[in-house]
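The values are calculated or read from the model by the stated rules, or taken from the named source; none is laboratory data. What you see is a predicted model, and the numbers here were worked out from it, not measured in a lab. Heads up, the Cβs are rebuilt from the backbone with ideal geometry, glycines too, and the neighbour counts pull from every protein chain shown. In case anyone asks, the SASA skips ligands and DNA or RNA and just uses the protein heavy atoms, side chains included. Shrake-Rupley method; radii C 1.70, N 1.55, O 1.52, S 1.80 Å.
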Amino acid sequence: MGALLSFGAVVVLLLIPAIGAGALKLHSLFGVVIPYLAVIVFLVGLINRVIGWGKVPVPFKIPTTCGQQKSLPWIKHSRLESPATGGEVFLRMVLEVLFFRSLFRNLRTEKAPGDRVVYGSSKWLWVAGLAFHYSFLIVFLRHLRFFKQPTPKIIGIIESFDGFLQIGSPHLLVTGLVLFGAVFYLFLRRIFVPQVRYISLPADYFPLFLIMAIAGTGMLMRYFLRVDIIKVKELTMGLATFHPKVPEGISVIFYIHLFLVSTLFAYFPFSKMVHLGGVFLSPTRNLANNTRMVHHPNPWNYPVKVHTYEEYEEEFRDKMIAAGIPVEKQPEPREEEQPTEESEGKE
Amino acid sequence: MYDGGKIIAGIIIFLAFALFPFYSNIGKADIKPPKPSLDTPVIKALKVKKCVEPEQYMRESHMQLLIKWRDSALRHAKRVYVNSNGEEYVISLQKTCLRCHSNRSEFCDRCHKYADVDPYCWDCHFSKAKQEEQR
Ligand code: HEM
């Protein structure tokens, strides 16, 4: 149901530019206005989210660990699983961000005979996750050839590795296929693994369909329905230099691709995909497990107006004695006390 | 904000990446798309200046046409191409395309540099100028 809803939404998103740029020829709207708006929403939205997270106090350290905390010198400390210093936390973050280390621990849950629950290793999510994110990154970087003139050498080098199969013309770029394949796997996983299907919402399916549609229209454009790349670059360079131009004669498939990408950008800060920024701010990953060495003050602790027992007794001692309640400090007899105090003062 | 320094630093690094296409292109608004030159003896001598197929198709899909030509010549041994107007052309990258477009560096390469494509065809297929240079 959630999958169908999201699929329908992406079909509508395909139809909007097909009608708007195709039939109604609103090329400046779909080629300039919407992409600029999308980038602004993306940047402002993402920064806003991150600053919002930064304002949330972390009441105590939440260092989820699966390793030995640093303690006595003869107990072996697990530096990466239970980092105690900033440097060790940094290493853990590097492994998390670049290699998705916590996804590596993903488990399969199954029922064994006798209604026992057993857990098994399951690395496919990790493999597909890595394949998806890295091919997305490479596809994204390769697109820089539309936004830089002359294009940096490194982009050409990446593209030549990516096209090493030298199949066809324009030659096949492997990461485009891997991107589509990996997202498709992630989608199948949601459909076929019952536990995952149960917790999947439209907001989980929608990004998958959207990215499939982006990669799909991209490959369609490259290998089948060709567009005039020189004019595309004229348009994109116009965007990058803030001198927007809309050359005539770019076919509608380009505007469809661009509109889907704009949707992705604009939707990004409000979706699960903000984990792009969120991963750096996850307290379970970025806090050192040094609770035995450093006191972590709860930022919620505000100056509380306290009334200690001593003060309380001081205030009510007479009444307490009158009521027969035991007091810690006996009242000193006044007649005796005053002279001594005065005599002390005089000395 | 908690850990404000680190968060602001992170945001600045993010913006440095995200805005790269914009700030690195400041002052480059005068970049013009390439004008492939048709100034060759063979094209000048043509009565009707037209390509194998209509111009828009050539701009968009010449690479697909070339690969179709290669397959036709080398896999199906058919070395004559009949275009959408029923005119016949000998299938050859060097003897047909590059006979008219003998100015490869002012024609093919101009576009390809702009679009950052580097067809590996030239590893084997030479233009006339290159052939003479190699002699
Ligand atoms: C989220 C970002 C994007 C993704 C994931 C994406 C994905 C793709 C993919 C998978 C292809 C197929 C060829 C390849 O593997 O490179 C492609 C091609 C293409 N994309 Fe994108 N795209 C994105 C953003 C953009 C943007 C912002 C533009 C332009 C404004 C654009 C314009 C094009 C064009 C013109 C092609 C055809 C390239 C060719 O014929 O060589 N894309 N895209």
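Tabulated results
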item: Residue in the stretch A:219-237 that is nearest to the other protein chains (Cβ to nearest Cβ), counting only those that are more than 8 Å from the ligand (Cβ to nearest atom) and without any contact (Cβ under 8 Å) to a residue 12 or more places away in the chain; result: A:ILE230
item: Matching residues in the stretch B:64-103 - criterion: being open to solvent by less than 40 Å² (accessible area, probe 1.4 Å) and under 21 Å from B:THR40 (Cα atoms); result: B:ILE91, B:SER92, B:LEU93, B:THR96, B:CYS97, B:LEU98, B:CYS100, B:HIS101, B:ASN103
item: Helices (runs of 4 or more DSSP H) lying entirely in the stretch B:1-56 (those with 2 or more residues that are under 30 Å from B:GLU106 (Cβ atoms)); result: B:41-45
item: Identity of the residue in the stretch B:113-123, open to solvent by 30 Å² or more (accessible area, probe 1.4 Å) and within 11 Å of the chain's Cα centre (by Cα), that ends up farthest from A:LEU235 (Cα to Cα); result: B:PRO119
item: Scan of the stretch A:147-161 for residues that are within 27 Å of the chain's Cα centre (by Cα) and within 11 Å of the ligand (Cβ to nearest atom), ordered by number; result: A:PHE147, A:ILE158
item: Failed item, numbered, when B:ARG79 is tested on (1) within 14 Å of another protein chain (Cβ to nearest Cβ); (2) more than 23 Å from A:GLU234 (Cβ to Cβ); result: (1)
item: Checking A:THR284 against (1) within 14 Å of another protein chain (Cβ to nearest Cβ); (2) away from the ligand (no atom under 15 Å from the Cβ); (3) over 30 Å from B:MET63 (Cα atoms), the condition it does not meet; result: (1)
item: Candidates A:GLY249, A:GLY163, A:GLY216, filtered to the one that is on the phi < 0 side of the Ramachandran plot, within 14 Å of chain B (Cβ to nearest Cβ) and among the small types (Gly, Ala, Ser); result: A:GLY163
item: Matching residues in the stretch A:33-90 - criterion: being away from every other protein chain (no Cβ under 14 Å), in a helix (DSSP H, G or I) and hydrophobic (A, V, I, L, M, F, W, C); result: A:VAL33, A:ILE34, A:LEU37
item: Any helices (runs of 4 or more DSSP H) falling wholly within the stretch A:212-295 and containing at least 2 residues that are hydroxyl-bearing (Ser, Thr, Tyr); result: A:252-267
item: Enumerated helices (runs of 4 or more DSSP H) restricted to the stretch A:93-209, each holding at least 3 residues that are in the same structural domain as A:LYS245 (by TED's automatic domain parsing) and open to solvent by less than 30 Å² (accessible area, probe 1.4 Å); result: A:124-142, A:153-162, A:174-192
item: Failed criterion for A:GLY87 (all others in (1) modelled with pLDDT under 90; (2) more than 30 Å from A:ILE191 (Cβ to Cβ) hold); result: (1)
item: Some residue of the stretch A:271-279 being farther than 24 Å from B:GLY4 by Cα, surrounded by 15 or more Cβ atoms within 10 Å (Cβ to Cβ) and among the hydrophobic types (A, V, I, L, M, F, W, C); result: no
item: Conditions (1) β-branched (Val, Ile, Thr); (2) near the ligand (Cβ under 9 Å from one of its atoms); (3) over 23 Å from A:LEU15 (Cα atoms); number of the one not met by A:VAL261; result: (3)
item: Check on A:VAL174, within 9 Å of the ligand (Cβ to nearest atom) and either on the phi < 0 side of the Ramachandran plot or within 11 Å of chain B (Cβ to nearest Cβ) (or both); result: yes
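Listed here are the residues, each with its yes/no results for (1) among the basic types (Lys, Arg); (2) within 25 Å of the chain's Cα centre (by Cα); (3) under 29 Å from A:ARG197 (Cβ atoms).
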position	(1), (2), (3)
A:LEU4	no, no, yes
A:GLY8	no, no, yes
A:LEU14	no, no, yes
A:ALA18	no, no, no
A:ALA21	no, no, no
A:VAL41	no, yes, no
A:GLY45	no, yes, no
A:GLY54	no, yes, no
